[in-house]
1. Please go through segment 234-251 and give me each residue that is within 15 Å of Val172 (Cα to Cα) and polar (S, T, N, Q), ordered by number.
2. Could you please let me know if Val126 is in contact with a strand residue (DSSP E or B) (Cβ under 7 Å, 6 or more places away or on another chain) and not hydroxyl-bearing (Ser, Thr, Tyr)?
3. Would you mind stating whether Ile184 is of a type in the set (A, V, I, L, M, F, W, C), in contact (Cβ under 8 Å) with a residue 24 or more places away in the chain, surrounded by fewer than 22 Cβ atoms within 10 Å (Cβ to Cβ) and closer than 23 Å to Leu231 by Cα?
4. Can you find a residue in segment 164-175 that is basic (Lys, Arg), part of a strand (DSSP E or B) and in contact (Cβ under 8 Å) with a residue 60 or more places away in the chain?
5. Read through the list (1) farther than 29 Å from Leu88 by Cα; (2) surrounded by fewer than 17 Cβ atoms within 10 Å (Cβ to Cβ), then give the number of the only condition that Leu152 fails.
6. If only one of Arg183, Arg160, Arg204 is within 27 Å of Lys54 (Cα to Cα) and at pLDDT 90 or above, which one is it?
7. Does any residue of segment 196-203 turn out to be touching an Asp or Glu at 6+ places or on another chain (Cβ under 9 Å) and part of a helix (DSSP H, G or I)?
Amino acid sequence: MSNNSANNPGVGSGIGSGAGLGGDPSGDPSGTLLVAIDGAAGSGKSSVARESAKRLGFGILDTGAAYRALTLSLLQAGADLDSEEAALNALQQLDLQLGMTEDDRVLLSGVDVSERIRTADIAQNVSHVAKHPRVRKQLNSWFKQTVAASGLPGVIIEGRDITTVVAPDAPVRILMTAREEVRIARRAKQLPELTYAQVAADLRARDAKDLRVVDFLNPAPGVTVIDTSELDFEGSVAAVIATITQTQQER
């Protein structure tokens, strides 16, 4: 991963400054095309967003990785995940690097945790951290700074409340959805160490907790809905790229 902070700024350097995406509707004054993708767990947003960015030559900002890395940091410290103050304190000290291009590793204090943050214990606990409003506010501010400083022709930023809070003025805003049973089946494949019943219970609990702070199931005005329930991976990628390409042609 590049150590260039302009392309991969650390969370600690960006927290709390309140920088936004600026007045340019593309996402930043340099003309970076911003693509905002929301969606629930299992909707396919992360894998589809990453592949779409790769094919388009765009950067990818996985906001969920930041929450997962923060969760890992709190677990390692034995902190109370339900304490917003503990999460905020950990966030201020977080040494995090998120790769946005070919090298998309997640580094926590210089250690590659890309695979570690995708394990079952993180998946089961991340909603405890993501529910804190002030944590979301500070991370959202950093996400905006990261995109604005990227210098890339385009950036796909994916996660929760992206189309409504982080990048409400993005020229491309997509909500990826899928029926609950489809999302559970997809998550079960990603977490083979858990039973189907455990995955179903965890997904429903996570949805319920996340819905307390953000509505990621219903599109805001102007957001394109892509239902992936009947689409395979290639079909989902094609649908996202088609939506982005149409906007590029209209610019």
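1. Thr243, Thr245, Gln246, Thr247, Gln248, Gln249
2. So Val126 does not fit the description; no.
3. Answer is yes for this residue.
4. Yes: segment 164-175 contains one or more residues that are basic (Lys, Arg), part of a strand (DSSP E or B) and in contact (Cβ under 8 Å) with a residue 60 or more places away in the chain.
5. Looking at each condition in turn, Leu152 falls short on (2).
6. Being within 27 Å of Lys54 (Cα to Cα) and at pLDDT 90 or above holds for just one of Arg183, Arg160, Arg204, which is Arg183.
7. Yes, the conditions are met somewhere in segment 196-203.
Here is a yes/no grid of residues against (1) over 23 Å from Ala201 (Cα atoms); (2) modelled with pLDDT of 95 or more:
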residue: Gly64; (1), (2): no, no
residue: Leu72; (1), (2): no, yes
residue: Asp103; (1), (2): yes, no
residue: Val113; (1), (2): yes, yes
residue: Ile117; (1), (2): no, yes
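The values are calculated or read from the model by the stated rules, or taken from the named source; none is laboratory data. Since the model is a prediction, treat every value here as computed from it, not as a measurement. Don't worry about glycine lacking a Cβ; one is built from the backbone with ideal geometry, like all the others, and counts go over all protein chains shown.
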